[in-house]
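Following: one structure in structure tokens, then a few remarks.
The values are calculated or read from the model by the stated rules, or taken from the named source; none is laboratory data. Nothing here was measured: the structure is a model prediction, and the numbers come from that model. Note: ideal-geometry Cβ built from the backbone for every residue, glycine included; neighbour counts use all protein chains shown. In case anyone asks, the SASA skips ligands and DNA or RNA and just uses the protein heavy atoms, side chains included. Shrake-Rupley method; radii C 1.70, N 1.55, O 1.52, S 1.80 Å.
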Amino acid sequence: MNSFEISSIKKALIVVAHPDDEVLGCGGLIKKLSNSGCEIEIIFLSDGESSRDMNDSSKAVKARKSSAHEAARILGVSRIHFCDFEDNAMDKSSLLEIICSVEKILLNFEPDLVITHFIGDLNIDHQITSRAVITACRPQPNFSVRALLMFETLSSTEWTHNQKNIFNPNLYVDISDFLSDKLDALKKYDSEIRDWPHPRSIKGLEVLANKRGSDVGVNAAEGFRVQYIKI
């Protein structure tokens, strides 16, 4: 996906399980796309908070959604959607219901590019999100989606129990000019940031970006698995 191809993408839809996954997985690409004039929307299928043991989860959910809006402004996102499926229990919902929620927004927005979780992640919500998106984006005649990508999420992708389904990127996007924006966006999710050497730390995210960059000879990159690209 070179600069010419990036500039040809007019609409991108990011579908994630929880607010902060979009930054961890593809925050640099989101900023790179928005800077090129691409219109970007994000779907958050769950809130990332309500499953936690706390006295008032509604307050935490509200704060997490506010963080999502702040991060979206930094990255240049046009619109975000909250679907409010049960956090860390999306397997209790009908997969068809989740697919339909994605399809409704997808068909209305008509994106060129869709990005979601790697299907082999440890987190069950990530797995189901990926399954729903792959189903909703199955290629059809006159379908708007030209490319479907899957990203890695620190503290989930690398902790997978399925050793036969390891994340090996086959597409790299140079985010050297946008890494600082990605890190600034993650800082808006301050309750989710851990101290180094936890992988979901500011340094952890920077180290991964530098590692992916070194894989292809640039300062910083994000790696993706290509589900399909129609050229």
Using the Karplus equation 6.51 cos²θ - 1.76 cosθ + 1.60 (θ = phi - 60°), what ³J(HN,Hα) coupling, rounded to whole Hz, does each residue of the range 62-67 give in order, writing x for Gly and Pro? 4, 5, 5, 5, 5, 4
Hz values of 3J(HN,Hα) by residue in the range 119-126 - Karplus curve (6.51, -1.76, 1.60), Gly and Pro given as x: 5, x, 4, 5, 5, 5, 5, 5
Could you work out how much longer the chain between residue 135 and residue 96 gets when fully extended? Use 0.36 nm per residue separation minus the Cα distance between them, nm to one decimal. 13.1 nm
Restricted to the chain, the DSSP antiparallel beta bridge percent, nearest 5, is 30 percent
Short version: ³J(HN,Hα) in whole Hz for each residue of the range 170-185, in order, from phi by Karplus 6.51 cos²θ - 1.76 cosθ + 1.60 (θ = phi - 60°), x for Gly and Pro, what are they? 10, 8, 10, 10, 5, 10, 3, 7, 10, 4, 5, 5, 4, 5, 5, 5
Whole-percent carbon and sulfur contribution to the accessible surface of the chain (1.4 Å, no ligands, DNA or RNA) stands at 47 percent
Per the Kirkwood treatment, what hydrodynamic radius in Å, one decimal, follows for the range 186-231 from the mean inverse distance over all distinct Cα pairs? 12.1 Å
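Return one whole number: the accessible area per residue of the chain in Å², for a 1.4 Å probe.
Counting only protein heavy atoms, the per-residue value for the chain is 46 Å².
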Can you sort 40, 202 by solvent-accessible area, 1.4 Å probe, largest first? 202, 40
Need the C-alpha centroid separation for the range 179-231 versus the range 33-108, integer Å. 20 Å
Probe 1.4 Å, all protein chains present, accessible-area order of 224, 143, largest first: 143, 224
Please give the solvent-accessible surface of residue 172 in Å², to the nearest 10, using a probe radius of 1.4 Å with every protein chain present. 70 Å²
Using all C-alpha to C-alpha distances in the chain, build P(r) with 10 Å bins and read off the rounded percent in each one. 8, 35, 41, 15, 1, 0
Ignoring everything but the protein chains, give the 1.4 Å probe accessible area of residue 195 in square angstrom, nearest 10. 130 Å²
Accessible area of residue 211 in the full protein assembly, 1.4 Å probe (Å², nearest 10): 100 Å²
Under a 5 Å amide H to amide H cut-off, with H placed in plane at 1.01 Å, what residues pair with residue 201 once short-range neighbours are removed? 194
DSSP loop GluC sites (Glu not before Pro) in the range 85-167 with at most 16 other Cβ atoms within 10 Å of their Cβ, which ones? 86, 158
For the range 93-135, what is the convex hull volume of its Cα atoms per residue in Å³? 61 Å³
Placed amide H near residue 11: partners under 5 Å, 5+ positions off or other chain: 39, 112, 113
Net charge (Lys, Arg +1; Asp, Glu -1) of residues whose beta-carbon lies under 12 Å from that of residue 74, residue 74 excluded, is +1
Add -39500 (n - 2.57) for each DSSP H run of 4 or more in the chain, then divide by its residues: what number comes out at 222 nm, to the nearest 500 deg cm²/dmol? -12500 deg cm²/dmol
Between residue 196 and residue 124, take the C-beta separation as r, use R0 = 35 Å, and let me know the FRET efficiency to the nearest 0.05. 0.85
Taking Lys and Arg as +1 and Asp and Glu as -1, residues besides residue 105 with C-beta under 11 Å from its C-beta add up to -1
